Amino acid sequence: MAVSGSVVGRAACAEDLVDLVHPLIGTGGGPIGYGRTMPVVTPPFGMTGWVAQTRQSGHPGLSYYYKDRSISGFVGTHQAALWMGDYGEVVIMPESGEARTLPAERALPFSHRDEVARPDYYRVVMGEGGQAIRAEMTAAAHSALFRFRFPAGAARRVLVEASRAGVAGGVRVDEAKGEIAGYNPRRSDADLGPLTLPRFRGYFVVQFSRPARMSTYPAMPAPDRPTGAFATFDAGTDEVEVRVGTSFISVEQARENLRREIPGWDFETVRRALHDVWQEKLDRIAVEGLNGEQRHIFYTALYHALLYPRSLSEYGRYYSAFDDRVHEGDSYTDFATWDVFRAEFSLLTLVAPERIGGMIQALLQDYQQGGWMPKWPNPSYTNIMIGTHADALVAEAIGKGFTGFDRALAWEAVRKDATVPPDGDATNDWRDRKPGTPYEARGGLSYALRLGYVPADRTAEAASGTLDDAYDDWCVAQVARAVGRQADYEQFLRRSGDYRTIFNPATRFMQARNLDGSWAGPDVGWTEGGKWVYTFDVLHDVGGLIGLMGGRDALAARLDRYFDGDYNWHSNEPSHHVPYLYDFVGQPWKTQERVRAIMRTEYADRVSGLDGDDDCGQMSAWYVFSALGFYPVNPASGIYMIGSPLVSRARLRMGDGRVFSVVADRGAAEAPYIRSATLDGVALASPMVTYRDMVDGRTLYLVMGAKPSRWGASWVAPGAR
């Protein structure tokens, strides 16, 4: 893959970790799968990502797909996943020859041989022969800097597309200032939630390093044509730099964001600054013992996990897509909570602890401004996926001792999720992507409060919803205990056992029920999985699941059937914790085998190197954790179950300067099994470490071997029988 370029601006550490990131991993389909990622140039959590547009985005559909062979622009995107649409985007495209406004007409061919993709830099040559245009870009949190080199003897211009056909965007030009400014009101998911947001705009300011003649298009208003402007340069202009500022507040704020981030025309300085930001973040985890391919996979996965949630903060202010107003303070969006609560958010508590308080505060601000914490803001309510897993993020942050948000308000928000059915709950089946609905929250809660489960003949995805609600109730219980609400803690802890209501003892599978209590079909009511996956979806009470299944041996046998029968569905998130369940049934060596096999077969250093949607970094976070040797089966508990590290040594720099270390003695690929373990020199019998162990800067020392051992087998999960 052509994914690296010359190194700029090294940080103090011995190795340039940015060089190890291959952003093209996951951007195309192949034997492993399609990760549905894009090679965006942006800082960690950047508000606007910049990527070559090989096709217009949609839902489904991303702006970049590796197998495409032409580029129609460079888009300042806010699209977080294939199934979520873009919003407020702007497109920049250099042109020579005849002016063209439609993407299909202006697209230029390119070859991946002429493409360089890095977190801090992108370069491509577009066009053929003597008419080729060379494009480079780098970026900051709200802005980008382009460098275009044009062919000799042809007209030279830069197109700025404010909005695509069918969208009433706005644009104006100011030749004296050398500036094009405008806005795009497009929210492709606007019909998937209750809020209309008439003030929503993605604003932009575009400035040029050379004088230009400017014009807008179309000449007359035309709803079937895109809206934008051209900057046309003199024939002797071979190279032009273009800087773009973006904002959700105003054109003036876009201009201010640009002034703060890219005040001049020094491309290499901007690139070096972005490089150093990425270097510092990637260096939070230093690893040894990985081969070349594994190192690329590992640091690319860490890059993916550090992209989301997206910061909406604009130097002390932010636009809220929950009350359509501008507020003082900071905010985040694009929380894929159904996905990232499993591991990605837990990873951020380790590598970006300085941001956790602000992320939780953002969810609580959404609650104050819109009435609920969102489940998949893009940037407003979308009703995508099920459950109220913002509850899990809040519980994990509180359990790990993070501050920077109002705990009393957090309790209020999670309690509402658990006790107040959404509007129209009794008449709405809450099918995914159903337009024009109220906010879903916990669909079917009005029934679940009475029955203990969500009925499949009233609510879509009912079986998965019942299990998700049980976990979220456990999380709500932890918040209640943290704020001193003992009676509420006990109530929600009892409710977290409602997963038992859909366990069918005759089949020993989870199964949806109807309103009258009868069993629905075995394939009814699931979300991105089925009965094989979801029977194991009791993250908070594996001991209770062991009891339902008839003991540790029975659950172990079911796990064997699951993996040996090829039921594991790693491309979707509900399966991610399952290989670690062997730790709970006295067979941790099988966790070690299964995790190694998944890392080997489901991830690779190639464009098809992710098996399924990365979903805002969750798929990638699984690899980061598993390569380090542990994973958060119940993320809000602060407990990490031990697997089989790929690394021989890892150092995690915690937020307070302490370092948690993992040492795997003889941890080569042919020695995947743990023979013994110590934590700070004390024998470790249980296959787990805790968040407290990490922040205390302890050392986990594992002696590895080529054959299975019974290390960790004597540990019994709480509640197991």
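The values are calculated or read from the model by the stated rules, or taken from the named source; none is laboratory data. It should be emphasised that the depicted structure is a prediction, and the values quoted were computed from it without experimental measurement. Neighbour counts run over all protein chains shown; Cβ positions are idealised from the backbone, glycine included.
Observations on the model:
- Residue that is nearest to residue 618 (Cα to Cα) [pool: residues in the stretch 326-340 that are over 10 Å from the mean Cα position of the chain (by Cα) and surrounded by 24 or more Cβ atoms within 10 Å (Cβ to Cβ)]: 338
- Candidates 587, 592 - the one that is more than 31 Å from the chain's Cα centre (by Cα) and buried (at least 19 other Cβ atoms within 10 Å of the Cβ): 587
- The set of residues from the stretch 396-450 being outside any loop (DSSP other than H, G, I, E, B), without any contact (Cβ under 8 Å) to a residue 40 or more places away in the chain and either basic (Lys, Arg) or touching a Pro at 6+ places or on another chain (Cβ under 9 Å) (or both) comprises 445, 446, 449, 450.
- All positions within the stretch 484-522 that are touching a residue at least 60 places away in the same chain (Cβ under 8 Å) and not in a loop (DSSP other than H, G, I, E, B): 488, 492, 495, 513
- The residues listed here are 603, 582, 567; of these, the one that is of a type in the set (Ser, Thr, Tyr) and in contact (Cβ under 8 Å) with a residue 60 or more places away in the chain is 603.
- Residues satisfying the criterion are present in the stretch 188-199 (criterion: touching a strand residue (DSSP E or B) at 6+ places or on another chain (Cβ under 8 Å) and polar (S, T, N, Q)).
- Complete set of residues in the stretch 177-189 that are under 27 Å from residue 380 (Cα atoms) and either part of a loop (DSSP other than H, G, I, E, B) or without any contact (Cβ under 8 Å) to a residue 60 or more places away in the chain (or both): 185, 186, 188, 189
- All conditions but one from (1) within 30 Å of residue 428 (Cβ to Cβ); (2) under 26 Å from the mean Cα position of the chain (by Cα) apply to residue 198; the one that does not is (2).
Here's the yes/no breakdown for (1) farther than 30 Å from residue 27 by Cβ; (2) part of a loop (DSSP other than H, G, I, E, B):
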| residue | (1), (2) |
| --- | --- |
| 264 | yes, yes |
| 270 | no, no |
| 277 | no, no |
| 280 | no, no |
| 298 | no, no |
| 314 | no, yes |
| 327 | yes, no |
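- Of the residues making up the stretch 463-474, none is touching an Asp or Glu at 6+ places or on another chain (Cβ under 8 Å) and part of a loop (DSSP other than H, G, I, E, B).
- Evaluation of residue 81 against (1) over 23 Å from residue 222 (Cβ atoms); (2) in contact (Cβ under 8 Å) with a residue 60 or more places away in the chain; (3) surrounded by fewer than 21 Cβ atoms within 10 Å (Cβ to Cβ) (one fails), failing number: (3)
- The lone exception for residue 323 - which of (1) acidic (Asp, Glu); (2) within 15 Å of the chain's Cα centre (by Cα); (3) closer than 21 Å to residue 440 by Cβ it fails: (2)
- The listed residue being of a type outside the set (Lys, Arg), at pLDDT 95 or above and crowded, with 23+ Cβ neighbours inside 10 Å, out of 162, 107: 162
- Scanning the stretch 687-721 for residues that are surrounded by fewer than 16 Cβ atoms within 10 Å (Cβ to Cβ), modelled with pLDDT of 95 or more and at positive phi turns up nothing.
- Condition check for residue 259: in a helix (DSSP H, G or I), buried (at least 20 other Cβ atoms within 10 Å of the Cβ) and among the charged types (D, E, K, R): no
- So residue 397, is it within 24 Å of residue 693 (Cα to Cα) and among the small types (Gly, Ala, Ser): yes
- Screening the stretch 648-686 for residues that are among the small types (Gly, Ala, Ser) and part of a strand (DSSP E or B) and picking the one that is surrounded by the most Cβ atoms within 10 Å (Cβ to Cβ) gives 664.
- Unique match (being of a type outside the set (Phe, Trp, Tyr) and more than 26 Å from residue 685 (Cβ to Cβ)) among 611, 583: 611
- Exactly one residue out of 671, 683, 627, 650 is of a type outside the set (Ser, Thr, Tyr) and either in contact with a Pro (Cβ under 6 Å, 6 or more places away or on another chain) or without any contact (Cβ under 8 Å) to a residue 12 or more places away in the chain (or both), and it is 683.
- None of 227, 269 is under 30 Å from residue 317 (Cβ atoms) and touching a strand residue (DSSP E or B) at 6+ places or on another chain (Cβ under 6 Å) except 227.
- Single match in 466, 507, 501 (criterion: surrounded by 18 or more Cβ atoms within 10 Å (Cβ to Cβ) and closer than 20 Å to residue 531 by Cβ): 466
- Contacts under 8 angstrom Cβ, first residue in the stretch 52-69 being in the same structural domain as residue 116 (by TED's automatic domain parsing), partner hydroxyl-bearing (Ser, Thr, Tyr) and at pLDDT below 95, 6 or more apart: 57/188; 58/188; 59/188; 63/57
- Some residue of the stretch 469-484 being buried (at least 17 other Cβ atoms within 10 Å of the Cβ), closer than 30 Å to residue 394 by Cα and touching a strand residue (DSSP E or B) at 6+ places or on another chain (Cβ under 8 Å): no
- In the stretch 217-224, the count of residues that are part of a strand (DSSP E or B) and surrounded by fewer than 21 Cβ atoms within 10 Å (Cβ to Cβ) is one or more.
A quick yes/no check of all residues on (1) modelled with pLDDT of 95 or more; (2) part of a loop (DSSP other than H, G, I, E, B); (3) closer than 27 Å to residue 693 by Cα:
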{"residue": "559", "(1), (2), (3)": "yes, no, no"}
{"residue": "563", "(1), (2), (3)": "yes, no, no"}
{"residue": "612", "(1), (2), (3)": "no, yes, no"}
{"residue": "619", "(1), (2), (3)": "yes, no, yes"}
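- Residues satisfying the stated conditions in the stretch 202-215, i.e. in contact (Cβ under 8 Å) with a residue 40 or more places away in the chain, more than 29 Å from residue 324 (Cα to Cα) and in a strand (DSSP E or B): 208, 214, 215
- Where residue 481 falls short, out of the listed (1) part of a loop (DSSP other than H, G, I, E, B); (2) without any contact (Cβ under 8 Å) to a residue 12 or more places away in the chain: (1)
- Scanning the stretch 227-256 for residues that are buried (at least 21 other Cβ atoms within 10 Å of the Cβ) and not in a strand (DSSP E or B), we see that the one that is nearest to the chain's Cα centre (by Cα) is 248.
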